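Report on the structure given below.
The values are calculated or read from the model by the stated rules, or taken from the named source; none is laboratory data. The structure presented is a predicted model; accordingly, all values stated were derived computationally and were not measured. As a convention, Cβ positions derive from the backbone with ideal geometry for all residues, glycine included, and neighbour counts pool all protein chains shown. Just the protein is used for accessible areas: all its heavy atoms, side chains included, with ligands, DNA and RNA removed. Shrake-Rupley method; radii C 1.70, N 1.55, O 1.52, S 1.80 Å.
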Amino acid sequence: MALENDTWAPDFELSNQYGEKIRLSQFRGVKPVVLVFYPLAFSGVCTGELCTLEDNIAMFRDKSVELIGISVDSKSTLRAWSELKGFDFNLLADFWPHGDVAKDYGVFLESKGFSNRATFVIDTKGIIRASFITAPGEPRSIEAYRAALEELEPLAV
């Protein structure tokens, strides 16, 4: 079962598509984070979803939000996909131990070996403020992201 809103987001450290270690807690007190779990790089629906996010990257940057994609793919696969599609945000490899972060968030599909399509909007304190999951094969809408971003409190200056 997926984590609920108003609960702590589990911390993790994963490699991005360039082999850099990214830790969720590095953003605590700095900026909100949107975690985008998706099944597999190079698949049709996932490609469409992430290309839509790239096309709307200003929506996240205008609110100083860190957009991060997570899948069970290897960092090499993620790098090839990112370079091919021109993604300008981190893609993290939940490769080994296989799907552990997706399991921590309650969105790993054991029978399939990858995560569900799930999004978690995490505030600067590390608390999940909004989340949404779509049915298998169903892409998330950009409107769902806009609505979720509205759940964030304005950053204190």
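Every test in (1) assigned to a helix (DSSP H, G or I); (2) of a type in the set (A, V, I, L, M); (3) under 12 Å from the mean Cα position of the chain (by Cα); (4) closer than 19 Å to Phe108 by Cβ is passed by Val36 save one, and that test is (1). Of all residues in the range 1-23, those that are at positive phi and touching a residue at least 12 places away in the same chain (Cβ under 8 Å) have Cβ atoms under 8 Å from Cβ atoms of residues that are aliphatic (A, V, I, L, M) and surrounded by 17 or more Cβ atoms within 10 Å (Cβ to Cβ), 6 or more apart or on another chain, in Asp6/Ile128.
Residues in the range 98-132 that are open to solvent by 50 Å² or more (accessible area, probe 1.4 Å), assigned to a loop (DSSP other than H, G, I, E, B) and either touching a helix residue (DSSP H, G or I) at 6+ places or on another chain (Cβ under 9 Å) or in contact (Cβ under 8 Å) with a residue 40 or more places away in the chain (or both): Glu110, Lys112, Lys125.
Here the range 1-53 is the region considered, the condition is being open to solvent by 40 Å² or more (accessible area, probe 1.4 Å) and among the acidic types (Asp, Glu), and the residue that is nearest to Asn116 (Cα to Cα) is Glu4. I'd like to verify a number: residues in the range 54-96 that are at pLDDT 95 or above, surrounded by fewer than 18 Cβ atoms within 10 Å (Cβ to Cβ) and either in contact with a helix residue (DSSP H, G or I) (Cβ under 9 Å, 6 or more places away or on another chain) or assigned to a strand (DSSP E or B) (or both), how many? Count: 7.
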